[in-house]
Amino acid sequence: IGRNGAGKSTLLKLLNGLMKPDLGRATVMGITGSLIELNTGINPILTGRENIFVNAAVLGISKSQVNKVMNDIIDFSELDEFIDTPVQYYSSGMRVRLGFSLATSILKPDFLILDEVLAVGDAHFRSKCYNHLGKLTKDTAVIFVSHHMDYVANLCDRCLLLDRGKATHLGN
């Protein structure tokens, strides 16, 4: 947590490998799923279904494995009516639905990195995601940035407070 500009998103990008540190190193061992920026990893000219296959291929997951979970991904995202529409025509909420479903359903990540993207979705889908995250935290380390303190308090058992790129508190 921290004010805007505190370095929260930058830290998540370092942990996910989207940015390289100027000094030192950031290492995360294991399978990492992430939803950091709304369009990261999603090709707007491909359909939702095609994006699912492309993301799976990048993760080394075969088409036959994806076919086994495709309905689960589509059902969770609630995009069944739009899954074969190019993503460029999706609203930001629809993109969050696709992105969250991709980040949490194709693989079972050891680490899941989320950066305030759920603030875009509608209340029903946000609630569904937070319930799903509660289940994931049994087997997955969730690194979560939000300005919604109720969600932080309910989801997190440890908290890092950042101020201008510096850690000022780490604890319960």
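One table, with the values for the structure above:
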read-out: Residue selected from segment 150-162 under the condition under 19 Å from the mean Cα position of the chain (by Cα) and in contact (Cβ under 8 Å) with a residue 40 or more places away in the chain, by the criterion most open to solvent (accessible area, probe 1.4 Å); value: 160
read-out: Test: residue in segment 7-30 that is in contact with a helix residue (DSSP H, G or I) (Cβ under 9 Å, 6 or more places away or on another chain), of a type outside the set (A, V, I, L, M) and either in a helix (DSSP H, G or I) or touching a residue at least 12 places away in the same chain (Cβ under 8 Å) (or both); value: no
read-out: Segment 74-97 residues that are over 13 Å from residue 122 (Cβ atoms) and part of a loop (DSSP other than H, G, I, E, B), paired with ones that are among the acidic types (Asp, Glu) and open to solvent by less than 60 Å² (accessible area, probe 1.4 Å) (beta carbon under 7 Å, 6 or more apart); value: none
read-out: Those residues of segment 108-124 which are open to solvent by 10 Å² or more (accessible area, probe 1.4 Å), more than 12 Å from the chain's Cα centre (by Cα) and farther than 19 Å from residue 153 by Cβ, in sequence order; value: 108, 110, 120, 122, 124
read-out: Top-ranked residue of segment 22-40 - restricted to ones that are at pLDDT below 80 and either over 17 Å from the mean Cα position of the chain (by Cα) or open to solvent by less than 50 Å² (accessible area, probe 1.4 Å) (or both), ranked as nearest to residue 82 (Cα to Cα); value: 38
read-out: Test: residue 55 is more than 18 Å from the chain's Cα centre (by Cα) and of a type outside the set (Val, Ile, Thr); value: no
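Here is a yes/no grid of residues against (1) among the small types (Gly, Ala, Ser); (2) in contact with a Ser or Thr (Cβ under 7 Å, 6 or more places away or on another chain):
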{"residue": "72", "(1), (2)": "no, yes"}
{"residue": "89", "(1), (2)": "no, no"}
{"residue": "93", "(1), (2)": "yes, no"}
{"residue": "96", "(1), (2)": "no, no"}
{"residue": "100", "(1), (2)": "no, no"}
{"residue": "106", "(1), (2)": "no, no"}
{"residue": "115", "(1), (2)": "no, yes"}
{"residue": "123", "(1), (2)": "yes, no"}
{"residue": "129", "(1), (2)": "no, no"}
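The rows are residues; the columns are (1) surrounded by 18 or more Cβ atoms within 10 Å (Cβ to Cβ); (2) modelled with pLDDT under 90; (3) closer than 17 Å to residue 2 by Cβ; (4) of a type in the set (S, T, N, Q).
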{"residue": "105", "(1), (2), (3), (4)": "yes, yes, no, yes"}
{"residue": "126", "(1), (2), (3), (4)": "yes, yes, no, no"}
{"residue": "134", "(1), (2), (3), (4)": "no, yes, no, no"}
{"residue": "148", "(1), (2), (3), (4)": "no, yes, yes, no"}
{"residue": "164", "(1), (2), (3), (4)": "no, no, yes, no"}
{"residue": "169", "(1), (2), (3), (4)": "no, no, yes, no"}
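The values are calculated or read from the model by the stated rules, or taken from the named source; none is laboratory data. For clarity, every value in this text was computed on a predicted model and none was experimentally measured. Quick reminder, even Gly has a Cβ in these numbers, built from the backbone with ideal geometry, and neighbours come from all protein chains shown. Just the protein is used for accessible areas: all its heavy atoms, side chains included, with ligands, DNA and RNA removed. Shrake-Rupley method; radii C 1.70, N 1.55, O 1.52, S 1.80 Å.
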